[in-house]
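Worksheet: one structure, shown below.
The values are calculated or read from the model by the stated rules, or taken from the named source; none is laboratory data. Since the structure is predicted, the reported quantities are computational estimates derived from the model, not experimental observations. The protein model used for the area step is the full one, side chains on, heavy atoms only, and it has no ligands, DNA or RNA in it. Shrake-Rupley method; radii C 1.70, N 1.55, O 1.52, S 1.80 Å.
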Amino acid sequence: MPRRSNLPVYLAAVLGYFMLLPPQISVTIGGSFIPGYRFFLIVASLFVLGTAARGKMRFQWADLCILVAVAWICVAMSLTSDWNEALTASVAHVADIGLAYFFARTAIADVRAFRMFLVLILPGLLIVGVLTMIESVTFTPIIQPLFSKLTGRPAEYYSSPRMGLLRAQGPFAHPISAGIFLGSFLPLYWTAGFRGWVRIAGVAGSLGSFFSVSSAALISLSASTGLLVYNWLTRHFVNLTWQLFFVFGAIFVFLTEVGTKSGTFSLVIRFASLNSDTGYRRVLIWEYGSQNVAAHPWFGLGYGDWKRPVWMTDSVDNYWLLMAMRFGILPSVLIGLAVFLALVAIMRKSMTSTGSDQQTERGVAIALAVFALGLVSVAVWLSVQVWFFVLLGAAVSLAKAPSHYGMQRRLPAPPVGPRLPRAA
């Protein structure tokens, strides 16, 4: 089977580096803030359309979910906002959600392309991770002030000390954004079949997430590590399977919903937050935000203010809730459904794959699942939102990609060790 062109992967790597640039590298046109990655995605739409027109992208149900969600956002904004705000928001969401997703669907065609993408963006990711660590330890912002001097655009830093460290922001809009972005790469580099310095450097870059010192980042790292350990155990103990994991997960959710007054969401948020006040605030955001969604279920509030007690800020630390509040319930449901379909498809694909391909697919599934669940406690925007939909698009493509051409490079066989006995 002929090898694919590497050009789409190179383009994906260019997008990766645009996502690592700070907000100071942007332009303002007509009052609209336009980051470099958005320019890239708008131009790359020609590549997406050309690929789709040549029949090189097989349409999936997840694709339809994203298309309808983006279209609904545009309609909702046109009904709740003035034309200038509606147009600006529509263009931004078409690019950051729709184009990001479909660009990944066309550029990341198989496991080989995804691994190549990870190798190409590794230098940038490692630099950002290391500088984020230095910012945190030295209490000295580095990246954004440097680019501020170069471009003249002010550096807005939302950091504060916590646990004896500065909550490092790196090139991102907020420390939480830095944490959830960098942390999502841990399962990707760990499972992709890399050896030596490539794997070490990828993991090191992702661990820069810790120095954002945010609950969402620490939960992301902990959950990813736990799932990676469980994935390792499934390869060594025949009675431990992912089906068993999902069964116990469903039982846990059922018991917390039935056996506690607060339910699963409130329970997890309260105990997982580094700060009890922050956890309580997130529970209140869910309570009052849900009331706003119930009052405006179809098209939301747009960018208008939402009803809440006067002492609460307007911050909504929940991506899924924020989407529903702004644009109605449907976009959140459709994007969540696309994530679910992608996870089911790529896990099923991994059951038939072998060697490093299987582990890469499971790493993508872990990264996407942890990212999506992490969005329950954080709202993302700009490059972090783009990365979420790039990862989602890549997951859909990998789930439907044909088997890796040629002989797969197999991971070393696990050492002989104790196994749980098979059930009779």
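Protein chains only, probe 1.4 Å: how do Trp320, Trp298, Trp242, Trp381 rank by accessible area, largest first?
Order by accessible area, largest first: Trp298, Trp381, Trp320, Trp242.
Could you tell me which of rounded, prolate or oblate describes the chain, using a ≥ b ≥ c as the square roots of the eigenvalues of the alpha-carbon gyration tensor, with rounded for a/c under 1.5 and, failing that, prolate when a/b is larger than b/c and oblate otherwise?
rounded
Let me have the 222 nm mean residue ellipticity of the chain computed from DSSP H runs of 4+ only, each contributing -39500 (n - 2.57), with the sum over all residues rounded to the nearest 500.
Values: 18 runs with 273 residues, N = 424.
Result for the chain: -21000 deg cm²/dmol, rounded to the nearest 500.
Rounded to a whole number, what % of the accessible area of the stretch 92-237 do carbon and sulfur atoms account for, probe 1.4 Å?
73
How big is the Cα convex hull of the stretch 27-158 in projection, averaged over all directions, in nm²?
Mean projected area of the Cα convex hull: 11.0 nm².
Taking 0.36 nm per residue of separation and subtracting the Cα-Cα distance, what length does fully extending Ile25 through Arg58 add?
Details: separation 33, 0.36 × 33 = 11.88 nm, distance 3.52 nm.
Length gained, Ile25 through Arg58: 8.4 nm.
Taking Cα centroids, how far is the stretch 325-364 from the stretch 153-178 in Å?
Spelled out, the Cα-based centre of one part sits 30 Å from the other.
Given a 1.4 Å probe, how much area per residue of the stretch 139-262 is accessible, in Å²?
Ligands and nucleic acids excluded, the figure is 48 Å² per residue.
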